[in-house]
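Visitor: Please see the structure below; I have some questions.
The values are calculated or read from the model by the stated rules, or taken from the named source; none is laboratory data. What you see is a predicted model; the values in this text were computed from it and never measured. Positions of Cβ are generated from backbone atoms using ideal geometry, with glycine treated the same way; all protein chains shown enter the neighbour counts. Protein only, heavy atoms only, side chains kept; ligands, DNA and RNA dropped before computing areas. Shrake-Rupley method; radii C 1.70, N 1.55, O 1.52, S 1.80 Å.
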Amino acid sequence: MSQSADPSQYVRTREKGGRDVTYPDPPQPLTVPVYDNHAHLEIEDGEEPLSLHEQLDRAAAVGVAGVVQAGGDIDSSRWSAWAAASHPRVLAAVAIHPNEAPAYAVAGRLDEAIAVIDALAAQPRVRAIGETGLDFFRTGEDGLAAQYESFEAHIALTKKHGVAMQIHDRDAHDAVLETLQRVGAPERTVFHCFSGDVAMAEVAAERGYYLSFAGNVTFKNAQNLRDALKVTPRERILVETDAPFLTPTPHRGRPNAPYLIPVTVRFLAVQLEVELDELCAQLAANTLEVYGSFED
């Protein structure tokens with residue numbers, strides 16, 4: 001997406017492949033509203049793609065009061081900042097994704113890209129740097145130096161602007177924790193789509209990090225996430241969609257969206273053996289503690 005393009009247009013499209021691309025029916029609304037802590041609404045998906053307005057209206061109708069829209073490159077970060085500035089139910093996170101950092105570095109544009117993130121982070125409704133971090137699954141040895149350089153630069157920006165940080169961590173648990181300890185973690189550090197185990201969750205709890213759980217916590221093969229959830233202090237738990245990805249069971253593989261957050265929240269309540277309204281109130285309070293009010 002160029003700067004001259006209509007900012008409301010999708011930045012990119014998710015491949016449909018052979019999956020079911022119809023959006024699931026809305027779940028039963030929550031009585032106590034919550035927030036989607038991480039979504040990519042700039043990505044077009046579904047047989048009949050939803051506009052940003054439609055996404056937000058569907059979410060509000062089931063008790064999802066707002067969305068933290070996350071960027072991963074220059075274009076999606078600009079879109080995220082635009083969405084937050086244009087819609088009172090959206091706050092933004094901006095960053096260069098760890099899998100994008102090596103490409104910017106090879107092109108000699110990593111410093112330029114980080115400077116764009118720095119400028120965007122000064123906007124009042126940009127409340128987080130993210131998603132940033134390390135990804136050893138998709139990036140080989142030749143890209144690790146750029147990932148580390150980018151991650152550490154984003155940590156510095158987080159502290160400079162006094163915002164939260166959303167971490168992308170894939171197959172890099174020890175390295176991410178070591179980097180945060182060595183460089184110094186921001187005051188509000190969130191592991192987006194937490195993918196670790198009990199041991200990692202206990203380290204995170206000890207250090208005061210937040211763990212954000214997505215729809216994959218409902219997957220049959222994700223017992224590690226359910227175990228980690230149970231040892232995480234309630235005041236450090238967040239919930240997200242990572243839409244349009246990680247649609248919770250029983251809709252796995254179909255397009256995800258913020259209006260499906262209640263499916264995951266109800267699952268978390270069962271796992272934690274806590275009343276649904278009580279958990280919703282805690283999740284909402286945690287979100288506002290991390291990102292501030294959506295009304296400011």
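Visitor: Which distance in nm do the two modelled labels at N221 and R234 give, with both placed 7 Å along the Cα-to-Cβ direction?
Guide: 3.3 nm
Visitor: Skip the ligands, DNA and RNA, and give the accessible area per residue of the chain with a 1.4 Å probe, whole Å².
Guide: It amounts to 41 Å² per residue over the chain.
Visitor: Using the 2.2 N^0.38 Å rule of thumb for compact globular proteins, work out how region 249-296 stacks up: its C-alpha Rg over that value, please.
Guide: Relative to the rule-of-thumb radius for its length, region 249-296 sits at 1.33.
Visitor: What is the set of long-range amide H partners of A243 at a cut-off below 5 Å, with H atoms built 1.01 Å from backbone N?
Guide: Residues meeting the criterion, in which the H sits 1.01 Å from N, are H40.
Visitor: Find the Rg to Rh ratio for region 199-296, where Rh is the Kirkwood radius over alpha-carbon pairs and Rg uses the same atoms.
Guide: A ratio of 0.96.
Visitor: How far apart, in nanometres, would the label points at F137 and D296 be if each is projected 7 angstrom from Cα along the Cα-to-Cβ direction?
Guide: Placing both labels 7 Å beyond Cα along the Cβ direction yields 3.4 nm.
Visitor: Something else now. With a 1.4 Å probe and all protein chains in place, put D296, D75 in order of accessible area, largest first.
Guide: D296, D75
Visitor: With the full set of protein chains in place, find how many percent of the accessible area of region 197-296 is carbon and sulfur; take the probe as 1.4 Å.
Guide: 48 percent
Visitor: Now, a different point. Share of region 1-140's accessible area from carbon and sulfur, percent, 1.4 Å?
Guide: 49 percent
Visitor: Rg and Dmax of region 109-263, using alpha carbons, in Å: what are they?
Guide: Gyration radius and largest Cα-Cα distance of region 109-263: 15.7, 43 Å.
Visitor: Right, another one. Over the alpha-carbon set of the chain, work out the extent along each principal axis and list the three values in angstrom, largest first.
Guide: Cα extents, longest axis first: 49, 44, 42 Å.
Visitor: Pop the C-beta distance of V270 and E15 into the FRET formula with R0 = 35 Å and round what comes out to the nearest 0.05.
Guide: Working from the Cβ atoms, E equals 0.60.
Visitor: Can you find, among N99, G184, L238, the residue farthest towards the positive end of the dipole of the chain? Put +1 on the C-beta of Lys and Arg, -1 on that of Asp and Glu.
Guide: The listed residue farthest towards the positive side: L238.
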